[in-house]
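Student: For reference, the structure I am asking about is given below.
The values are calculated or read from the model by the stated rules, or taken from the named source; none is laboratory data. The structure displayed is predicted, hence computed values, not measured ones. Note that we place each Cβ from the backbone using ideal geometry, even for glycine, and neighbour counts take in every protein chain shown. Note: accessible area is taken over every heavy atom of the protein model, side chains too, but ligands, DNA and RNA are not part of it. Shrake-Rupley method; radii C 1.70, N 1.55, O 1.52, S 1.80 Å.
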Amino acid sequence: MNLLKEAGSPKTIGITGHIRPDGDCVGAVFGTYAYLKNVYKDADIRLFLEQPPAIYSFLKGYDKVDTTFAYPGQFDVFIALDSADIGRIGDADKLFLGAKKSILIDHHISNNGFGDVFCVEPEASSTCEILTRLFEDEYMDVDVAKALYTGIAHDTGVFRYSCTGPDTFAALQKLVAYDFDGSKITDETFYQKTYVQNQLLGRTLLESILFMDGRCIAGYIDRKAMEFYEAESSDFEGIVNQLQMTKGVEVAIFMYETGTLEFKVSMRSNGKVNVAEVSSYFGGGGHVRAAGCNMNGTFHDVLNNLSLHIEKQLESFDQ
Ligand code: 5GP
Ligand code: MN
């Protein structure tokens, strides 16, 4: 995709990402904002996103986020980032669908494409990696580079997960040429945890259960605990990855209660099980090794339903 050709000469541009924005989503949204500001100096560029965590407040555009999703007019161009389906952009869907031109850029394998034009690259580590390739050098600057670096770092577990490939490092080479402190970004947005976040992690690990002969691990946080710790969904980031680090485990499951008998489920696989496929049975999606969905029932109901699909995949892998 040639982003600037597709965008044309817009006077108004809207940008959004997915609900409960993570590092790649935030990096992609603010990176695109900083980049398009350099390209279209006179355009009115708006950002629509659920409130991103304060750890990202160093990124250009953070103070411009509109969390109301209210806009009276029609956008010339509206861009959705890091969003596997239209439902993932939440309340921005009307603005996206109502725009003169809607553009999607994403890397989820479960994404079938939506909008007028789309660029979906499931082999890319992150949406920010794709953007690094799409963005033209003459409009790049340190603000764009910092945002894209943040996104790549988060979706690769700081350049570690199997999604990290030669193209990821080629993108990073382009970004680190700009003058910023990459380790400060990864320390302060990825590794550092608040006291409460560490307590939630500790509690989940302590109460986790191992099943399917040690090939599956699951942990959860219920509403009572969430209220006690005054936790938000962003406080759970990284817990499922720590569960996954248990020796012998093929699939790690973390869930937290979003309502009565309602859970947001996160899954991680070490490769044998395609968790995007497991999630798709329950209306979710994601990547082969990292995916999620929303499910109803008790913690044990949810586990039973997921286990059926995980077990089937493990059995066919073992044969
Ligand atoms: P996480 O477990 O970190 O929330 O999400 C892992 C991956 O799965 C992310 O790439 C995320 O976009 C995707 N994902 C998580 N929940 C859902 C969901 O409910 N629907 C879809 N389509 N993707 C999801
Ligand atoms: Mn992503």
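Student: Does residue 266 satisfy being over 26 Å from residue 88 (Cβ atoms), in contact with a Gly (Cβ under 9 Å, 6 or more places away or on another chain) and either open to solvent by 20 Å² or more (accessible area, probe 1.4 Å) or free of Cβ contacts under 8 Å to residues at least 24 places away in the same chain (or both)?
Tutor: No: the conditions fail for residue 266.
Student: Checking residue 273 against (1) under 16 Å from residue 219 (Cα atoms); (2) in contact with an Asp or Glu (Cβ under 9 Å, 6 or more places away or on another chain); (3) buried (at least 19 other Cβ atoms within 10 Å of the Cβ): exactly one of these is not met. Which one?
Tutor: Failed condition: (1).
Student: Of the residues 271, 238, which single one is within 16 Å of ligand 2 (Cβ to nearest atom), over 21 Å from residue 304 (Cβ atoms) and not acidic (Asp, Glu)?
Tutor: Going through 271, 238 in turn, the sole match is 238.
Student: Look through 74, 51 and report the one residue that is surrounded by fewer than 21 Cβ atoms within 10 Å (Cβ to Cβ) and either closer than 29 Å to residue 180 by Cα or modelled with pLDDT under 95 (or both).
Tutor: The unique qualifying residue is 51.
Student: Same structure again: Output the residues belonging to segment 289-300 that are touching a residue at least 40 places away in the same chain (Cβ under 8 Å) and either touching a Leu at 6+ places or on another chain (Cβ under 8 Å) or farther than 15 Å from residue 240 by Cα (or both).
Tutor: 295, 299
Student: Pick from 22, 85: which is under 17 Å from the mean Cα position of the chain (by Cα), surrounded by 17 or more Cβ atoms within 10 Å (Cβ to Cβ) and closer than 22 Å to residue 97 by Cβ?
Tutor: Of 22, 85, the one residue that is under 17 Å from the mean Cα position of the chain (by Cα), surrounded by 17 or more Cβ atoms within 10 Å (Cβ to Cβ) and closer than 22 Å to residue 97 by Cβ is 85.
Student: A further question on this structure: For segment 51-65, indicate whether the set of residues that are β-branched (Val, Ile, Thr), under 25 Å from residue 191 (Cβ atoms) and without any contact (Cβ under 8 Å) to a residue 40 or more places away in the chain is non-empty.
Tutor: To start, the set of residues in segment 51-65 that are β-branched (Val, Ile, Thr) comprises 55, 65.
Okay, now just the ones that are also under 25 Å from residue 191 (Cβ atoms), so 55, 65.
Keeping just the survivors that are without any contact (Cβ under 8 Å) to a residue 40 or more places away in the chain gives 65.
Yes: segment 51-65 contains one or more residues that are β-branched (Val, Ile, Thr), under 25 Å from residue 191 (Cβ atoms) and without any contact (Cβ under 8 Å) to a residue 40 or more places away in the chain.
Student: Criterion first (part of a loop (DSSP other than H, G, I, E, B), at pLDDT 95 or above and either in the same structural domain as residue 289 (by TED's automatic domain parsing) or surrounded by fewer than 14 Cβ atoms within 10 Å (Cβ to Cβ) (or both)) does residue 213 satisfy it? Break it down stepwise before answering.
Tutor: Numbers: part of a loop (DSSP other than H, G, I, E, B): yes; at pLDDT 95 or above: yes; either in the same structural domain as residue 289 (by TED's automatic domain parsing) or surrounded by fewer than 14 Cβ atoms within 10 Å (Cβ to Cβ) (or both): yes.
For residue 213, the condition - part of a loop (DSSP other than H, G, I, E, B), at pLDDT 95 or above and either in the same structural domain as residue 289 (by TED's automatic domain parsing) or surrounded by fewer than 14 Cβ atoms within 10 Å (Cβ to Cβ) (or both) - is met.
Student: In segment 197-204, is there at least one residue being in the same structural domain as residue 267 (by TED's automatic domain parsing), in contact with a Leu (Cβ under 6 Å, 6 or more places away or on another chain) and within 27 Å of residue 274 (Cβ to Cβ)?
Tutor: No, that holds for no residue.
Student: Quick one: would you say residue 249 is part of a loop (DSSP other than H, G, I, E, B) and either of a type in the set (Asp, Glu) or modelled with pLDDT of 95 or more (or both)? Even if it seems obvious, please write down each step before you answer.
Tutor: On the way: part of a loop (DSSP other than H, G, I, E, B): yes; either of a type in the set (Asp, Glu) or modelled with pLDDT of 95 or more (or both): yes.
Here the answer is yes, as residue 249 does meet what is asked.
Student: While we're looking at this one, here's another question. Among the candidates 28, 43, which residue alone is within 16 Å of ligand 2 (Cβ to nearest atom) and in contact (Cβ under 8 Å) with a residue 12 or more places away in the chain?
Tutor: 28
Student: Quick check on segment 29-36. Is at least one of its residues closer than 25 Å to residue 280 by Cα, open to solvent by less than 60 Å² (accessible area, probe 1.4 Å), within 16 Å of ligand 1 (Cβ to nearest atom) and not hydroxyl-bearing (Ser, Thr, Tyr)?
Tutor: Taking every residue of segment 29-36 in turn, none turns out to be closer than 25 Å to residue 280 by Cα, open to solvent by less than 60 Å² (accessible area, probe 1.4 Å), within 16 Å of ligand 1 (Cβ to nearest atom) and not hydroxyl-bearing (Ser, Thr, Tyr).
Student: Which residues, counting only those in segment 278-292, are surrounded by 16 or more Cβ atoms within 10 Å (Cβ to Cβ) and more than 16 Å from ligand 2 (Cβ to nearest atom)?
Tutor: Pass one, segment 278-292, residues surrounded by 16 or more Cβ atoms within 10 Å (Cβ to Cβ): 278-280, 282, 284-292.
Within segment 278-292, 278, 280, 282 meet the criteria.
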